[in-house]
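A short worksheet on the structure shown next.
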Ligand SMILES: NC(=O)c1ccc[n+]([C@@H]2O[C@H](COP(=O)([O-])OP(=O)(O)OC[C@H]3O[C@@H](n4cnc5c(N)ncnc54)[C@H](OP(=O)(O)O)[C@@H]3O)[C@@H](O)[C@H]2O)c1
């Protein structure tokens, strides 16, 4: 692994903000693990949040899990609250990069981005909420650019595998890749799987506010991206996918929005051919389809009203057939879980003119890894931060508010992820 190149007078290279949250605790463990790898050991880091006792407990727990009793004394604890701008400013002044794990981001995210931009820290988050991600781009891109800071949203399972997966597929394709469909499948061990309440709440408020997202997008005033080659066909709301041998639905997360923003950046700033993208998720057999329809109908009915949202928030297990829970997955459940993204790309071999007929070549790639939310997400977040610290010359020329694909297209992030259990391969 490359040597850490950052030199800074700031006390910490990395501060994990929201380290006491369900996801934050695993980001702490992953960063501590990464620190024991050669040159990364020279990085200085701290944890931050609004409750010192909780943060101390997280460090003690990580020390126990990793068998590193020295961790507790070696890692500093900083107190900062989203509601207290001075505390955020004081935190951001001490960091080269802030890893923000405080969500839902629509409620707590903007003050952190603002404080980072005003106080000279890069910022990475694991947000899966397009409205927040895009509004940060609208409001802070030029300020971040002026200061040479990188504000990079969605560096977790949303949306590094999808966004970097499309770029990896393009890089492996011999010719011009014009379209990719991804099919996400997840599997669980005998203990089953679960997602923590924090993500459930982010989804509830995101769906409730989808009208605002449409209005926000109009403010960018973007022209449509050019379609090169045949136009990608949109699949129906539910279909049997021969690609993953199960029923599938359009993927409802942030990936399509993030990938599209990346493709726009690569086209407008690097003059690359934009890749059209369709994202789908496998749901399994007929029994799962029936469950999903029941959950989907209840969700759509309730999410529109504040009374309904309160019900959804109070009883996540009931309204999701136990898939979301206030306790989150157990470590045993996490050990038994994994994800797989299959990318099916098509395009034109070298010398073939995309305006002269349908694509004449295909490619299949895979991105696979451990449990998505709390194992893979900490890995992608930590490796994204390490890449920003290590590879400043491979980042976009000027700072700004970016997607992972725009930020890391020319870095070695994919290689770093391959070494840490999130694997990219060609089939
Ligand atoms: N991209 C992905 O794949 C992915 C995966 C996992 C999670 N996420 C996202 O990450 C976010 C966190 O999820 P989670 O499950 O970890 O939620 P969580 O357990 O509720 O954690 C929320 C964190 O925010 C902190 N917080 C809340 N209000 C604060 C304030 N005013 N000042 C400072 N800190 C405050 C909490 O502090 P206390 O501990 O003091 O309460 C806690 O540390 C969600 O938006 C979720 O969607 C994304």
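Of the residues 283, 289, which single one is assigned to a helix (DSSP H, G or I) and in contact (Cβ under 8 Å) with a residue 12 or more places away in the chain?
One residue alone meets the criteria, 289.
Going through segment 186-201 one residue at a time, which ones are within 15 Å of residue 332 (Cβ to Cβ) and surrounded by 19 or more Cβ atoms within 10 Å (Cβ to Cβ)?
193, 194
If I filter segment 369-390 for residues that are at positive phi and more than 17 Å from the chain's Cα centre (by Cα), do I get at least one hit?
Taking every residue of segment 369-390 in turn, none turns out to be at positive phi and more than 17 Å from the chain's Cα centre (by Cα).
Tell me which residues, restricted to segment 40-72, are within 19 Å of residue 95 (Cα to Cα), surrounded by fewer than 16 Cβ atoms within 10 Å (Cβ to Cβ) and more than 16 Å from the ligand (Cβ to nearest atom).
Within segment 40-72, 41, 42 meet the criteria.
For the structure I just gave you, tell me whether residue 241 is surrounded by 16 or more Cβ atoms within 10 Å (Cβ to Cβ) and under 30 Å from residue 310 (Cβ atoms).
Judged against the criteria, residue 241 is not a match.
Check 240, 150 and return the single one that is farther than 19 Å from residue 427 by Cβ, over 18 Å from the mean Cα position of the chain (by Cα) and more than 13 Å from the ligand (Cβ to nearest atom).
Result: 240 is the single residue among 240, 150 that is farther than 19 Å from residue 427 by Cβ, over 18 Å from the mean Cα position of the chain (by Cα) and more than 13 Å from the ligand (Cβ to nearest atom).
Which condition does residue 37 not pass, out of (1) within 15 Å of the ligand (Cβ to nearest atom); (2) surrounded by fewer than 16 Cβ atoms within 10 Å (Cβ to Cβ), if it passes all the others?
(1)
To keep it simple, each residue is scored yes or no on (1) over 24 Å from the mean Cα position of the chain (by Cα); (2) surrounded by 14 or more Cβ atoms within 10 Å (Cβ to Cβ); (3) modelled with pLDDT under 95; (4) assigned by TED's automatic domain parsing to the domain that holds residue 410.
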| residue | (1), (2), (3), (4) |
| --- | --- |
| 265 | no, yes, no, no |
| 275 | no, yes, no, no |
| 280 | no, yes, no, no |
| 301 | yes, no, yes, no |
| 319 | yes, yes, yes, no |
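Which condition number in (1) within 23 Å of residue 182 (Cα to Cα); (2) assigned by TED's automatic domain parsing to the domain that holds residue 24 is the one that residue 398 fails?
Only one criterion in (1) within 23 Å of residue 182 (Cα to Cα); (2) assigned by TED's automatic domain parsing to the domain that holds residue 24 is unmet by residue 398, namely (1).
Would you be able to say whether some residue in segment 108-119 is without any contact (Cβ under 8 Å) to a residue 60 or more places away in the chain, over 28 Å from residue 200 (Cβ atoms) and under 21 Å from the mean Cα position of the chain (by Cα)?
yes
Looking for whichever is surrounded by fewer than 12 Cβ atoms within 10 Å (Cβ to Cβ) and not in a loop (DSSP other than H, G, I, E, B) here; the options are 259, 297. Which one fits?
Sole residue among the options that is surrounded by fewer than 12 Cβ atoms within 10 Å (Cβ to Cβ) and not in a loop (DSSP other than H, G, I, E, B): 297.
Condition check: on the phi < 0 side of the Ramachandran plot, in contact with a strand residue (DSSP E or B) (Cβ under 7 Å, 6 or more places away or on another chain) and surrounded by fewer than 22 Cβ atoms within 10 Å (Cβ to Cβ). Does residue 210 satisfy that?
Judged against the criteria, residue 210 is not a match.
The values are calculated or read from the model by the stated rules, or taken from the named source; none is laboratory data. Note that this is a predicted model, so its numbers are computed, not measured. Backbone-built Cβ (ideal geometry, glycine too); neighbour counts: all protein chains shown.
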